1. Residue 414 passes all but one of (1) surrounded by fewer than 24 Cβ atoms within 10 Å (Cβ to Cβ); (2) under 30 Å from residue 346 (Cβ atoms); (3) touching a residue at least 12 places away in the same chain (Cβ under 8 Å); which number fails?
2. Limited to segment 41-75, what total is found for residues that are out of contact with any strand residue (DSSP E or B) (no Cβ under 8 Å at 6 or more places or on another chain), more than 25 Å from residue 23 (Cα to Cα) and crowded, with 21+ Cβ neighbours inside 10 Å?
3. Within segment 197-205, is even one residue over 21 Å from residue 462 (Cβ atoms) and in contact (Cβ under 8 Å) with a residue 12 or more places away in the chain?
4. Any chance segment 501-524 includes a residue that's part of a loop (DSSP other than H, G, I, E, B), farther than 21 Å from residue 32 by Cβ, out of contact with any strand residue (DSSP E or B) (no Cβ under 8 Å at 6 or more places or on another chain) and modelled with pLDDT of 90 or more?
5. List the helices (runs of 4 or more DSSP H) that sit entirely inside segment 345-447 and contain at least 1 residues that are within 27 Å of residue 287 (Cβ to Cβ) and out of contact with any helix residue (DSSP H, G or I) (no Cβ under 7 Å at 6 or more places or on another chain).
6. Return yes or no: is residue 480 surrounded by fewer than 23 Cβ atoms within 10 Å (Cβ to Cβ) and part of a loop (DSSP other than H, G, I, E, B)?
7. Taking segment 206-223 only, how many residues are more than 16 Å from residue 461 (Cβ to Cβ) and either in contact with a helix residue (DSSP H, G or I) (Cβ under 8 Å, 6 or more places away or on another chain) or without any contact (Cβ under 8 Å) to a residue 24 or more places away in the chain (or both)?
């Protein structure tokens with residue numbers, strides 16, 4: 001007899017969301033996590049005494065409100081922090097641009113660069129609101145074919161939507177709205193996050209849309225933080241899942257998915273323990289799941305070949321640091337400008353040149369850097385008077401030409417500090433400790449193949465009905481009993497939680513159907 005109704009592989013945020021919903025519906029669930037802590041890429045760690053760092057993922061906002069409500073995450077300790085301003089970008093000439101929660105205040109900032117752009121900005125915001133109105137409803141359900149999605153577009157010409165979002169680059173899209181290079185550079189930075197593509201690469205307009213999906217405390221199109229770091233989110237998810245009855249084992253990696261009679265029936269841990277269940281749920285990417293954990297004959301060769309072709313090359317790394325005080329940015333009139341993200345993205349050309357180097361296997365000599373000093377708004381993450389610095393840095397290809405990533409750490413640190421020093425001359429004096437988390441680290445530590453933070457690029461050819469591979473977009477797999485719930489599935493990467501939610505609904509629907517019940521409503525209430 002099976003010990004559990006379901007075994008979830010990996011306690012990242014999507015694995016925990018899936019476990020929470022399954023347990024809430026009364027299933028006996030076991031979650032197995034290789035690392036000693038839950039969270040996957042959504043963790044808080046303390047590399048130096050008193051400094052709590054979001055090691056991998058670093059900004060909140062994408063987590064769907066329905067999941068927060070259903071799993072009662074605020075009850076279990078999740079505390080979102082809204083950032084205002086949202087972002088600040090200094091420029092080499094000493095000027096700066098700040099994006100506030102108040103759109104009118106943002107317009108005043110933009111007007112210093114272009115009055116024409118300031119007038120266009122409200123229309124740009126309204127256009128995005130219209131687009132996101134179409135996208136948001138399909139996040140929490142299996143994807144529909146792209147043609148069907150476009151045909152149901154209510155806001156205008158579906159052909160124009162196809163062109164605007166899926167065929168053109170972010171640079172082309174922004175050129176149609178604005179003239180200021182500074183504004184376009186700041187906005188374009190959201191179109192390349194985690195993806196091995198430049199802002200002039202066709203399809204990056206949709207990546208910009210994906211990163212506009214933030215919703216926090218009633219505000220749309222925003223980003224924020226989680227109190228205590230990103231681990232505050234997954235710790236709350238773990239508490240919720242265990243409250244509903246799930247068992248979570250850390251320090252327990254999975255070596256193999258057991259296959260008997262042509263279906264998944266359990267897992268074998270790295271220590272040799274066997275856990276049997278009729279449902280196996282993998283939050284890992286497809287290459288880890290099908291090419292590492294399963295025997296070659298578990299699925300047909302054609303499917304394995306499609307898995308091998310998934311594009312999940314690394315594009316970024318993290319530079320984390322402990323500071324003895326806040327750095328002074330020459331272009332910042334006051335430290336309040338640093339409450340949100342601090343972007344080094346002075347122009348579209350700057351971002352594109354950074355990508356040009358990465359295409360040939362080099363770490364960008366002048367990288368895009370997205371920095372958060374979480375300790376400003378959340379003093380719990382640093383000792384009194386000291387601060388944290390979390391830098392998302394791009395581009396960092398999985399394979400470096402002529403250098404190993406382990407040997408490149410000092411070079412990376414110097415490059416990041418050199419770049420920041422152009423805008424904050426005292427940055428080096430502030431750094432007490434630093435840490436470089438490379439694409440290879442992301443692969444070895446948290447199982448992200450190639451260090452790809454989305455478990456596969458979120459470009460149009462790998463989205464919606466193409467994700468993870470055509471024909472298998474419903475979280476089911478060719479191996480009966482095995483389901484997928486990671487961000488390799490629809491709707492993609494970031495701390496959305498949607499893949500875990502959607503996978504759980506499909507699993508519960510299938511489970512109910514096997515028991516002879518109706519599969520019309522899988523989102524079952526919590527047991528009394």
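1. Exception for residue 414: condition (3).
2. 1
3. Start the filter on segment 197-205 by keeping residues that are over 21 Å from residue 462 (Cβ atoms), which leaves none.
No, segment 197-205 contains no residue that is over 21 Å from residue 462 (Cβ atoms) and in contact (Cβ under 8 Å) with a residue 12 or more places away in the chain.
4. As a first pass, look at segment 501-524 and keep what is part of a loop (DSSP other than H, G, I, E, B): 515-524.
Add one more test, that the residue is farther than 21 Å from residue 32 by Cβ, and what stays is 515-524.
Okay, now just the ones that are also out of contact with any strand residue (DSSP E or B) (no Cβ under 8 Å at 6 or more places or on another chain), so 515-524.
Filter again for modelled with pLDDT of 90 or more, leaving none.
No, segment 501-524 contains no residue that is part of a loop (DSSP other than H, G, I, E, B), farther than 21 Å from residue 32 by Cβ, out of contact with any strand residue (DSSP E or B) (no Cβ under 8 Å at 6 or more places or on another chain) and modelled with pLDDT of 90 or more.
5. On the way: elements: 348-359, 405-421, 427-430, 439-446.
Result: 348-359, 405-421, 439-446.
6. Values: surrounded by fewer than 23 Cβ atoms within 10 Å (Cβ to Cβ): yes; part of a loop (DSSP other than H, G, I, E, B): yes.
Yes, satisfied.
7. Pass one, segment 206-223, residues more than 16 Å from residue 461 (Cβ to Cβ): 208, 211-223.
From what is left, the residues that are either in contact with a helix residue (DSSP H, G or I) (Cβ under 8 Å, 6 or more places away or on another chain) or without any contact (Cβ under 8 Å) to a residue 24 or more places away in the chain (or both) are 208, 211-213, 215, 218, 220-221.
Within segment 206-223, residues that are more than 16 Å from residue 461 (Cβ to Cβ) and either in contact with a helix residue (DSSP H, G or I) (Cβ under 8 Å, 6 or more places away or on another chain) or without any contact (Cβ under 8 Å) to a residue 24 or more places away in the chain (or both) number 8.
The rows are residues; the columns are (1) buried (at least 23 other Cβ atoms within 10 Å of the Cβ); (2) in a helix (DSSP H, G or I).
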site	(1), (2)
229	yes, no
239	no, yes
242	no, yes
251	no, no
259	no, no
265	no, no
281	yes, no
312	yes, no
321	yes, no
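The values are calculated or read from the model by the stated rules, or taken from the named source; none is laboratory data. Bear in mind the structure is a predicted one, so any value in this text is a computation, not a measurement. Neighbour counts are summed over all protein chains in view; Cβ atoms, including those assigned to glycine, are modelled from backbone coordinates with ideal geometry.
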